[in-house]
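Heads up, the thing below is written out as structure tokens.
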Amino acid sequence: LLLLSLSLASISELYFLGQKYAAAIFYGRAIHSFNIEGNTDAARQFLTTAWNLDRQDQYARTLVDINLFRLGQVINSSDIPADELRARFQDVLNETIQNGQAAVQLNRVDPANWMAFGRIYEAVIPFNISGASDLAFDAYKNAEPYSPTSPEPLLAQARIEAGRNDLPKAKELLRRANALKSDYVASRFLLAQVEATTGNMKEAITETQNALFLSPDDIGILFQLGLLF
């Protein structure tokens, strides 16, 4: 009986490890299909297979990114009737939200999962979906305690506040981001835009020059600095 139990345990372990190995292979194929071949549908199918074999938050999080790309493709479709376009948009959005929720439920302490969940709702803010900005902000806020040295959650929160026209709050968040990482170009560039919006042109130029110093070949920063001058 002991030998039989050990044999069954070994078989179960081999089966479990085999599933994980197969899932990793399908994940690799998905990344290759998306990044090298540009085949979004194949990447989604491979990732879904990997997810069904092994429930890893990394797989769910990558599905979020691929489905956000699909969402953009749906939005930019010009040859689809309006009713069908709305239905496709809703289907892809629902699937993306499910992927984001699954990633967070599997690992709530990984800030990357909260950031992926926030990106879903930030992506649909322009479509006036009720509560989207609040859900995005809350997700980014939840990422912050698990990534105390990263300015990325603060920058993401600032984007939401700037979009809601709460510019003082956006400034506060961006200054905190800059304090965490003084050479973070993205937060300095957004702070410059917020300062310009509030009419503080001197600070806007200074922050844009700081961003340009950190990224001297960035055409967007150069263009913005020219506009400010």
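The values are calculated or read from the model by the stated rules, or taken from the named source; none is laboratory data. In this text the structure is predicted, and so the values were computed from the model without any measurement. Neighbour counts run over all protein chains shown; Cβ positions are idealised from the backbone, glycine included. Ligands, DNA and RNA are excluded from the accessible area calculation, which covers all protein heavy atoms including side chains. Shrake-Rupley method; radii C 1.70, N 1.55, O 1.52, S 1.80 Å.
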**OP:** Give the residue, chosen from Asp54, Asp110, that is touching a Lys or Arg at 6+ places or on another chain (Cβ under 6 Å) and within 28 Å of Arg29 (Cβ to Cβ).
**Re:** Asp54
Original post:
Which numbered condition trips up Pro145, out of (1) farther than 30 Å from Val92 by Cβ; (2) modelled with pLDDT under 95; (3) under 20 Å from the mean Cα position of the chain (by Cα); (4) in a helix (DSSP H, G or I)?
Top reply: (2)
Subject >> Selection from region 38-48 of residues that are surrounded by fewer than 19 Cβ atoms within 10 Å (Cβ to Cβ), under 30 Å from Leu17 (Cβ atoms) and of a type in the set (Gly, Ala, Ser) >> reply: Ala42
Original post:
Restricting to region 49-71, what's the tally of residues that are open to solvent by 30 Å² or more (accessible area, probe 1.4 Å) and within 30 Å of Asn128 (Cβ to Cβ)?
Top reply: 5
Original post:
Among the residues of region 9-27, is any touching a residue at least 40 places away in the same chain (Cβ under 8 Å) and either in a loop (DSSP other than H, G, I, E, B) or open to solvent by less than 50 Å² (accessible area, probe 1.4 Å) (or both)?
Top reply: no
Subject >> Within region 197-229, tally of residues that are surrounded by 10 or more Cβ atoms within 10 Å (Cβ to Cβ) and outside any helix (DSSP H, G or I) >> reply: 4
**OP:** Output the number of the condition that Gly100 fails; it satisfies all remaining conditions of (1) open to solvent by less than 80 Å² (accessible area, probe 1.4 Å); (2) within 27 Å of Leu17 (Cβ to Cβ); (3) touching a residue at least 40 places away in the same chain (Cβ under 8 Å).
**Re:** (2)
Subject >> Residue within region 72-87 that is surrounded by 13 or more Cβ atoms within 10 Å (Cβ to Cβ), part of a helix (DSSP H, G or I) and among the basic types (Lys, Arg) present >> reply: no
Original post:
Looking at Ser182, Ser150, Ser130, which is the one that is of a type in the set (Ser, Thr, Tyr) and under 16 Å from the mean Cα position of the chain (by Cα)?
Top reply: Ser150
Original post:
Restricting attention to region 26-41, which residues are touching a helix residue (DSSP H, G or I) at 6+ places or on another chain (Cβ under 8 Å) and polar (S, T, N, Q)?
Top reply: Ser33, Asn39, Thr40
**OP:** Would you mind stating whether Arg176 is at pLDDT below 95, part of a helix (DSSP H, G or I), over 21 Å from Ala123 (Cβ atoms) and not hydroxyl-bearing (Ser, Thr, Tyr)?
**Re:** no
**OP:** Residues being under 18 Å from Glu152 (Cα atoms) and out of contact with any Lys or Arg (no Cβ under 7 Å at 6 or more places or on another chain): count how many of those fall in region 123-138.
**Re:** 6
